[in-house]
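Some notes on the structure that comes next.
The values are calculated or read from the model by the stated rules, or taken from the named source; none is laboratory data. Bear in mind that the values here come from a model prediction, so they are computed numbers and not experimental data. Positions of Cβ are backbone-derived with ideal geometry, glycine not excepted, and every protein chain shown enters the neighbour counts.
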Amino acid sequence: MPELKICGVTSASFALEAVRRGASYIGFIFAERSPRRIGVAVAHEIASRTKGARFVGVFVDASLDEIEATARSVPLDVVQLHGKYGADEVLAIKSLGCEVWRLHDGDFAGEDATLLDGRDGGRSGGTGRLADWSLVAELKREGRRVVLAGGISAANIASAAATGADIIDVNSTLETAPGVKSVAKLDELIKSFKTNN
């Protein structure tokens, strides 16, 4: 059974509910243009109040200095990279003691896991669109650890899990408004996830 990441979390109460229901990872989005963007101080507060999960920081084209400062302040267990990051940046972030997940771009830069997410034109994930699920098997054959994101909901999470992905990443389908997660939608998702795995 894959692990579950709930991303775009902006409140400690929801983070606690997600962990109680079995989420292994809580994701914080630090991208400037995201409606789910969270400040470092709020992310730190949520992390300090939420036990039993690992914390993932999502960055889009952020500098290494910004990533390092945020990773230390929250603190983060995983840094998720969207944008032009290569092997040197991945190695630098790993030296902080963080895992690195990087958006799939056809190359391998030494990341700990490869992220598959839906794309919309020039946007690098975070669109709510389905990824190309057929790539999961290909990446697994290459020995990669795979995080599958993009439009995953209670209706399709069983199929997403069946791809063989190691981690299922859920975000916007749990919302009533951007950044506002619903416990009722979370319950529906978890029920479907556990019933079919």
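I'd like the full set of residues that are within 16 Å of residue 22 (Cβ to Cβ) and either surrounded by 16 or more Cβ atoms within 10 Å (Cβ to Cβ) or of a type outside the set (Asp, Glu) (or both), limited to the range 171-188.
Of everything in the range 171-188, those that are within 16 Å of residue 22 (Cβ to Cβ) and either surrounded by 16 or more Cβ atoms within 10 Å (Cβ to Cβ) or of a type outside the set (Asp, Glu) (or both) turn out to be 174, 181, 183, 185, 186, 188.
Across the range 29-78, what is the number of residues that are of a type in the set (Phe, Trp, Tyr) and either touching a Pro at 6+ places or on another chain (Cβ under 6 Å) or within 19 Å of residue 89 (Cβ to Cβ) (or both)?
The number of residues fulfilling the criteria is 2.
Working carefully through the options 123, 141, find the one that is loosely packed, with under 15 Cβ neighbours inside 10 Å and at pLDDT below 95.
Exactly one of 123, 141 is loosely packed, with under 15 Cβ neighbours inside 10 Å and at pLDDT below 95, namely 123.
A quick yes/no check of all residues on (1) assigned to a loop (DSSP other than H, G, I, E, B); (2) closer than 17 Å to residue 25 by Cα:
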| site | (1), (2) |
| --- | --- |
| 132 | yes, no |
| 135 | no, no |
| 140 | no, no |
| 147 | no, yes |
| 154 | yes, no |
| 164 | yes, no |
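Could you figure out which of (1) under 16 Å from residue 132 (Cα atoms); (2) of a type in the set (S, T, N, Q); (3) surrounded by fewer than 14 Cβ atoms within 10 Å (Cβ to Cβ) isn't true of residue 163?
Of (1) under 16 Å from residue 132 (Cα atoms); (2) of a type in the set (S, T, N, Q); (3) surrounded by fewer than 14 Cβ atoms within 10 Å (Cβ to Cβ), only one is false for residue 163: (3).
Condition check ((1) on the phi > 0 side of the Ramachandran plot; (2) exposed (fewer than 15 other Cβ atoms within 10 Å of the Cβ); (3) among the acidic types (Asp, Glu)) across all residues:
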{"position": "3", "(1), (2), (3)": "no, no, yes"}
{"position": "9", "(1), (2), (3)": "no, no, no"}
{"position": "12", "(1), (2), (3)": "no, no, no"}
{"position": "20", "(1), (2), (3)": "no, yes, no"}
{"position": "23", "(1), (2), (3)": "no, no, no"}
{"position": "31", "(1), (2), (3)": "no, no, no"}
{"position": "34", "(1), (2), (3)": "no, no, no"}
{"position": "37", "(1), (2), (3)": "no, no, no"}
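Across the range 162-196, which residue is modelled with the lowest pLDDT among those that are hydrophobic (A, V, I, L, M, F, W, C) and in contact with a helix residue (DSSP H, G or I) (Cβ under 7 Å, 6 or more places away or on another chain)? Outline the logic, then answer.
Going residue by residue through the range 162-196, those that are hydrophobic (A, V, I, L, M, F, W, C) are 162, 165, 167-168, 170, 174, 177, 180, 183-184, 186, 189-190, 193.
In the following step, the residues that additionally are in contact with a helix residue (DSSP H, G or I) (Cβ under 7 Å, 6 or more places away or on another chain) were identified as 165, 168, 170, 174, 183, 186, 189, 193.
Values: 165: 98, 168: 98, 170: 97, 174: 96, 183: 97, 186: 97, 189: 96, 193: 90.
Taking the candidates together, the pick is 193.
Pairs, please: C-beta under 7 Å, at least 6 apart or cross-chain, first residue farther than 21 Å from residue 41 by Cβ and of a type in the set (Asp, Glu) and in the range 9-27, second modelled with pLDDT of 95 or more and part of a helix (DSSP H, G or I)?
17/183; 17/186
What number of residues within the range 82-111 satisfy the criterion of being assigned to a strand (DSSP E or B) and β-branched (Val, Ile, Thr)? Outline the logic, then answer.
The first filter runs over the range 82-111 and keeps only residues assigned to a strand (DSSP E or B), leaving 82, 99-103.
Imposing the further condition that a residue be β-branched (Val, Ile, Thr) reduces the set to 100.
Residues meeting the conditions: 1.
Tally the residues that are more than 26 Å from residue 191 (Cβ to Cβ) and among the charged types (D, E, K, R), restricting the search to the range 16-50.
Of the residues in the range 16-50, 4 are more than 26 Å from residue 191 (Cβ to Cβ) and among the charged types (D, E, K, R).
When you go through 24, 34, 11 one by one, which is the residue that is farther than 22 Å from residue 82 by Cα and hydroxyl-bearing (Ser, Thr, Tyr)?
Details: 24 fails: farther than 22 Å from residue 82 by Cα; 34 fails: farther than 22 Å from residue 82 by Cα.
From the options 24, 34, 11, the qualifying one is 11.
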